[in-house]
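First comes the structure, then the notes that go with it.
Coordinate-derived values only; no laboratory data. Computed from a predicted model, the values in this text were never measured in an experiment. We place every Cβ from the backbone using ideal geometry, glycine too, and count neighbours over all the protein chains shown.
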Amino acid sequence: MIRIFLIFLVATLHAFDSSAQYDGRGEDEISRFHPGIMWYLNGWRPAKPNRIRKYDRLIFDVTYNTWTGDLSPFKHPWQSLGLSTNLMFDIPLNDSNTISFGTGICHQFFTIQHNQSIIVDSTQTYTTYTETSTQKSFDKSFIAGNSILIPLELRFRKEDWKHVKFHIGGKIGYQFGLYNKSINRSDLGRSVLFEHGYPDDRHLIYSAHLRFGLRNWAFYASYNFNKFFKNTQSTKLNLLQVGLSVSLF
């Protein structure tokens, strides 16, 4: 019994010592040291033994969307959802890749359900949001848009394969297809009002964001410095997003 216990103790200490020596590099590192679910994907060629491990190259940000500015945030239904798909380069800034630079391309789609009216004035120069607390204007109404963005971020992470990570950065790009869709249901049936082509919607957009989490999961938050509508007479609304990020590669 003592001999079995000693063998077990030696084996346990050896396993602990081996796992403690992980530095993100080396020919002895196995597939679990790659992030996400795409553990065996190295590209066109097998990874070199001395190659620094790279992380967070395909990231999905699933968000709850709201706005700030002239109107209060966090008053929108949970269905105000969005999705950002980030295809990134992870560029190490030190030998252990605990600090890196991330950039690439991102597609972002967002919706904000608000159940009220977005109105263009008679001169077709500015846009206002009408908010009534006593009655909903529509059974369902939401504003939505797409954008193509270039993300730029600094990444900090621990060396351990179950690493804690922190990303801080921003995005700049072009927003297109901003529209508002309103739905009414009555005895006469279902009617849909689709509005787009606002006279002062802003196409150049820029934002700041952060991620904080463990390995391939993270909390995500983003704030757009630009307003939806650029005319000074328009209702001032800035996009605010909070949610979760998952890195698959």
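Laid out as a table, the results:
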quantity	calculated
FRET efficiency, Y206 to V246 (Cβ-Cβ, R0 25 Å, nearest 0.05)	0.55
Listed residue pairs exceeding 29 Å between alpha carbons, taken from K75/K181; K165/K236; K158/K236; K54/K75; K140/K227	K165/K236; K158/K236; K54/K75
Reciprocal of mean inverse Cα separation for segment 110-249 (Kirkwood radius, Å)	17.4 Å
